[in-house]
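The numbers here are math on the coordinates, done by the rules we state, and not lab data. Keep in mind it's a predicted model, so treat the numbers as computed, not measured. Heads up, the Cβs are rebuilt from the backbone with ideal geometry, glycines too, and the neighbour counts pull from every protein chain shown.
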Amino acid sequence: MQRALVLELDVPSSPEYIAIVRLVVASVASARRALADERVDDLKLAVSEACTNAIEANRVVHPDAPVHVEIWEATDRLEVTIEDSGLGFDPDKLEFPPPITDPERLNFERGLGIPLIRTLVDNAAFIRKDTGTCVRMTVFGGPTDGDDTGAIYMDMSSFADLPPL
Amino acid sequence: MELGLEVDDSRRPYTVLAVKGEVDVYTAPRLREKLVELVSQGKHQIVVDLEGVDFLDSTGLGVLVGGLKRLRSHDGDLTLVCTHQRILKVFEITGLTKVFSIFGSVDQAVAE
């Protein structure tokens, strides 16, 4: 199977939409790939972390820009990309919390998202683009026997004008 | 998406806060507000019961770390009740199992 796009999704840069992205990604992963439930849970958490970062990045410079989600699959893998329009960051220069044994650790409430993403998926790439940052998360697992329904595009970016969920 | 937050004051000196639902960047501020409210009411021994939590991400972890810090500054403590492997895994990956006392039931947490 060649690498193929399964689904595209644009959501507003607003925290209440992260649950929808989690649900969509978990549903596609469960339906189309032979992954243990635990692996789907790992992917769901990694996607949530990446979406949280993307929304925060957009809100700094382009609060009206959507977060763009794509799900791709190939013979042995599922890839999820989360793309923002923010200023970008260098993942190798992030400040990580002090060691657990350090009393200063309790002063750090943030900074766990990127390490979690790296631990939870089989491969995580943080790609800097001129237009923002793309996080590509890969989990390995073969296909299920489901029918190929072709790519789906869902545009929820205009939902921000609706009342909150 | 609602976050359930139920306070049980019947196990003095402990206050049990039962959390239900998904804790992420959207719902975590409500958990933070509730913890701040309890501390400001002088409740400094808080047990956060995560048995009803289906999902918890790093934002939720951050709120719990902040709550623990706040309580320790009042010579108090924040302990957790959690048996779900998918939630415990988040604490294990981040090393926070060494920061929090995590119990298998509310009864065990208040017996300490």
Going by how many other Cβ atoms sit within 10 Å of their own, how do B:LEU56, A:LEU116 line up, fewest first? A:LEU116, B:LEU56
Gain in span if fully extended, A:ARG118 to A:LEU5, counting 0.36 nm per residue against the direct Cα distance: 38.4 nm
Enumerate the helices in chain B for which the Kyte-Doolittle hydropathy averages -1.0 or more and the C-alpha atoms extend at least 20 Å along the helix's axis, using complete DSSP H runs. B:58-72
Inter-centroid distance (Cα atoms) of the stretch A:51-84 relative to the stretch B:1-47, Å: 31
B:GLU37 versus B:ALA111, label points 7 Å from Cα toward the beta carbon: distance in nm? 3.1
Take the Cβ-Cβ distance between B:LEU88 and A:ASP130 as r, set R0 to 35 Å, and report the resulting FRET efficiency rounded to the nearest 0.05. 0.30
How much mean residue ellipticity at 222 nm does chain B get from its helices, if each DSSP H run of length 4 or more adds -39500 (n - 2.57) and you divide by all residues, to the nearest 500 deg cm²/dmol? -11500 deg cm²/dmol
Length gained, B:GLU2-B:LYS98, 0.36 nm per residue minus C-alpha separation, equals 31.6 nm
List the residues whose amide H sits under 5 Å from the amide H of A:SER13, counting only those 5 or more places along or on another chain, with H placed 1.01 Å from N in the peptide plane. A:VAL67
Enumerate the lysines that B:LYS89 could reach by cross-link, defined here as Cα to Cα under 29 Å, with residues fewer than 8 away along the same chain left out. A:LYS44, A:LYS93, B:LYS20, B:LYS34, B:LYS43, B:LYS69, B:LYS98
Assuming R0 = 30 Å, what is the FRET efficiency of A:ALA36 and A:ALA74, from their Cβ-Cβ distance, to the nearest 0.05? 0.95
Would you list B:VAL19, A:VAL24, B:VAL36 from fewest to most Cβ contacts within 10 Å? B:VAL36, A:VAL24, B:VAL19
Of all DSSP beta bridges with both partners in the protein assembly as shown, the antiparallel percent, nearest 5, is 65
Arranged by the count of other C-beta atoms within 10 angstrom, fewest first, what order do A:THR81, A:THR52, A:THR75 take? A:THR75, A:THR81, A:THR52
